[in-house]
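Comments concern the structure below.
The values are calculated or read from the model by the stated rules, or taken from the named source; none is laboratory data. None of these values were measured; they are calculated from a predicted model. Glycine also receives a Cβ, built like all others from the backbone with ideal geometry; neighbour counts cover every protein chain displayed.
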Amino acid sequence: MSRAPQPHVVTANALIEGDVVYLTAAEGWTRDLKQAQAFTDKDEAEAALARAAKRSAEVVGCYLAEVRLTAQGIEPTHFREDFRRRGPSNYAHGKQAAA
Amino acid sequence: MYVYDDFDTAFLTERNRQFREQVARRIDGSLTEEEFRPLRLMNGLYLQLHAYMLRVAVPYGTLNPNQLRKLAEIADRWDEGYGHVTTRQNVQFNWPKLTDVPDMLDALAEVGLHAIQTSGNTIRNVTSDHFAAAAADEIADPRPYAELIRQWSTDHPEFQFLPRKFKVAVTGSEIDRAVTKAHDIGLRMVRKDGAEGFEVIVGGGLGRTPMIGKVLRDFLPVADLLPYLEAVVGTYNLLGRRDNKYKARIKITVHENGIETVRDLVEARFAEIAPQFDTAATLATLARIQGMFRAPEFRQVSDLAYQAAHGADPVFRAWADTNLHAHKVEGHAIVTISLKAHGATPGDMTSDQMRLIADLAERYGYGEIRLSHEQNVILPHVALADLPAVHKALKGRGLATANVGLVSDIIACPGMDYCALATARSIPIAQEIATHFDALKLEHDIGPLKIKISGCINACGHHHVGHIGILGLDRAGVENYQITLGGDGSEDAALGERTGPGFAYDQIVPAIERILRAYLDLRTSREETFLQAYRRLGLGPFKEALYGAERHAA
């Protein structure tokens, strides 16, 4: 049985700050994963990624990250993405400081 | 220590001016990220998981108080108020903004520091023995040679695009505190017929394919140092593989071609280029550098205050017994300041701590500070009489942990809390091991032990040469930690042996405890260290302690 296609978000690091950003439905950038647009259609995700990757004055290193859609909103499926959306575990720096 | 001349200062000013313009061109869109990336890496600027990271070169781990104060100022002004000491004696800032980096580099240049060649496929910061010029077991201070190599390798036009990065370590002692056998080139000072020279070790390295270095030349006269190094790196530059990044380090070149072939090629190249070197000029430069590394005028003072504190204060005594090493001059000691308070991040130093250490170095330590690859800070020359005052001041800033060389003095790479390459976290594992054994009050009973943790196979945490090595991996989307035992980074260098299947994040601390309880049961006496017991017993009993319970339950 093949696995149902997983939703993805477009993510990158901001050019100036270097922190983690996600693409929104309005094709802006957000620092909050829950505000990101989740693509369930693979072609749409790839197309959005291609457009985002051209915005090199804003971001660096765009890629698609797999997510889950839950009652609480978008959640990462991999622990690396969980750390990226939160910040390091030894200090409340990065996104945790802003929260 | 080395003092910049006009040439050095002008070089750095020009280089920083260039990078400032490169950053501006990246931001205004004239440079793409692909064009900019190699330029920023040449200047030590990485883009990591949550932010940029600036890696500052600390040549052979030596700093003066003003340099450390400048690092504190940079940490406060442009970062999060701390710096991280790396396993190659450098300092990393984890939170700079791209637009601030040119100003940070200018600030570093004010005190003769920079971030050049702390990344990229170049000759990296030359590392050395953190006890250099202080240890009683030393032939000579290795740092003037390290400085000579630094000058030769900085911006060397032939070696800016090597097949892969290239790391050199130099030690002046038989006791290897610089892990020379796990470097691309390790230089160990030796004496032959009264003359000083080097044993040249090549092709060591950890990472994906760990190798212990092999002797390329058993005695290299000092006068031949630069042409010989140029011959080695030049040979590697041509022979090293560029088709596969994982086979591009010189250890693979040596492994695939054989040490004899590499030796023949190096000797041939050496014969060819040596006449082009002006040996007299090099030796004059070396003599000038050595003049800058002259030992201080050591004060002769009574050690009665030290004896009194050692007798009366158990906290001071515990610290003195673990964190001091014998100094070559009577009445002095080498102080290791632990950056491993139980539960703290290994190698992190706040700006307040930096300023205190700078003040102590100035007041009591002849102005000398070292960073160790074991992620601690060293005051290499302190009079015994001053130790109670030094200890008291350190205690006030959380820097007096008496654990050097013990279970909680852990090397840990930044791991997935910071590093974009990591496959698992390292820091919290180190924090939990330290607090766990502190709570059990077993640390001093266990005795000398080196635990080293890497968060991926690149092995920045030197796990292969840890007495206990821990390697964090991503196994099907879950953090998993493999254990190796019996590694050794000293002059008796050895690679650790893998115990078997790895452990989940919440199982790794109990697994380490099982190993260490087995050691306590199996050792012949308190004098037999973990490593000695492992060498006597082999992997068997430790494997049984690790996995036996699971097997019996199954």
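Taking the stretch B:339-423 as the region of interest, the strands (runs of 3 or more DSSP E) fully inside it that hold 3 or more residues being surrounded by 22 or more Cβ atoms within 10 Å (Cβ to Cβ) and touching a residue at least 40 places away in the same chain (Cβ under 8 Å) are B:369-371, B:377-383. Restricting the stretch A:61-82 to residues that are β-branched (Val, Ile, Thr) and more than 10 Å from every other protein chain (Cβ to nearest Cβ) leaves a set whose member that is surrounded by the fewest Cβ atoms within 10 Å (Cβ to Cβ) is A:Thr70. The single residue among B:Ala280, B:Ala305, B:Ala223 that is aliphatic (A, V, I, L, M) and free of Cβ contacts under 8 Å to residues at least 12 places away in the same chain turns out to be B:Ala280.
Of the residues A:Glu58, A:Glu27, the single one that is surrounded by fewer than 16 Cβ atoms within 10 Å (Cβ to Cβ), among the charged types (D, E, K, R) and either under 22 Å from B:Asp417 (Cα atoms) or more than 12 Å from chain B (Cβ to nearest Cβ) (or both) is A:Glu27. Looking at this structure, is A:Arg85 over 30 Å from B:Ile429 (Cα atoms), within 14 Å of another protein chain (Cβ to nearest Cβ) and surrounded by 14 or more Cβ atoms within 10 Å (Cβ to Cβ)? For A:Arg85, the condition - over 30 Å from B:Ile429 (Cα atoms), within 14 Å of another protein chain (Cβ to nearest Cβ) and surrounded by 14 or more Cβ atoms within 10 Å (Cβ to Cβ) - is not met.
With respect to the stated conditions, B:Val91 is more than 14 Å from every other protein chain (Cβ to nearest Cβ) and either aliphatic (A, V, I, L, M) or buried (at least 19 other Cβ atoms within 10 Å of the Cβ) (or both).
For the stretch B:28-42, filtering for residues that are of a type in the set (D, E, K, R), at the interface with another protein chain (Cβ under 9 Å from one of its Cβ atoms) and touching a helix residue (DSSP H, G or I) at 6+ places or on another chain (Cβ under 9 Å) leaves 1.
Residue count for the stretch B:424-478, restricted to those that are buried (at least 24 other Cβ atoms within 10 Å of the Cβ) and in a strand (DSSP E or B): 9.
Residues of the stretch B:303-323 include at least one that is buried (at least 20 other Cβ atoms within 10 Å of the Cβ), at pLDDT 95 or above and touching a strand residue (DSSP E or B) at 6+ places or on another chain (Cβ under 6 Å). Counting only helices (runs of 4 or more DSSP H) that fall entirely inside the stretch B:1-112 and contain at least 3 residues that are closer than 29 Å to B:Ile337 by Cβ, the qualifying elements are B:65-78, B:101-110.
Of the listed requirements (1) surrounded by fewer than 19 Cβ atoms within 10 Å (Cβ to Cβ); (2) in contact with a Lys or Arg (Cβ under 9 Å, 6 or more places away or on another chain); (3) more than 18 Å from A:Leu15 (Cα to Cα), A:Asp32 misses just one: (3).
All of B:Ala248, B:Ala195, B:Ala284, B:Ala223 fail the test of being modelled with pLDDT of 95 or more and surrounded by fewer than 15 Cβ atoms within 10 Å (Cβ to Cβ), apart from B:Ala284. Checking the structure you have, find out if any residue of the stretch B:62-79 is more than 14 Å from every other protein chain (Cβ to nearest Cβ), within 22 Å of the chain's Cα centre (by Cα) and among the charged types (D, E, K, R). Within the stretch B:62-79 (the criterion being more than 14 Å from every other protein chain (Cβ to nearest Cβ), within 22 Å of the chain's Cα centre (by Cα) and among the charged types (D, E, K, R)), the answer is yes, since at least one residue qualifies.
Here is a yes/no grid of residues against (1) small (Gly, Ala, Ser); (2) touching a Ser or Thr at 6+ places or on another chain (Cβ under 8 Å):
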position	(1), (2)
B:Glu256	no, no
B:Glu260	no, no
B:Arg263	no, no
B:Val266	no, yes
B:Phe277	no, no
B:Ala287	yes, no
B:Met292	no, no
B:Phe298	no, no
B:Gln307	no, no
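A:Glu44: within 13 Å of chain B (Cβ to nearest Cβ), of a type in the set (Asp, Glu) and out of contact with any helix residue (DSSP H, G or I) (no Cβ under 6 Å at 6 or more places or on another chain), yes or no? No, not satisfied. The single condition among (1) within 14 Å of another protein chain (Cβ to nearest Cβ); (2) under 27 Å from A:Arg84 (Cα atoms); (3) surrounded by fewer than 19 Cβ atoms within 10 Å (Cβ to Cβ) that B:Arg25 does not satisfy is (2).
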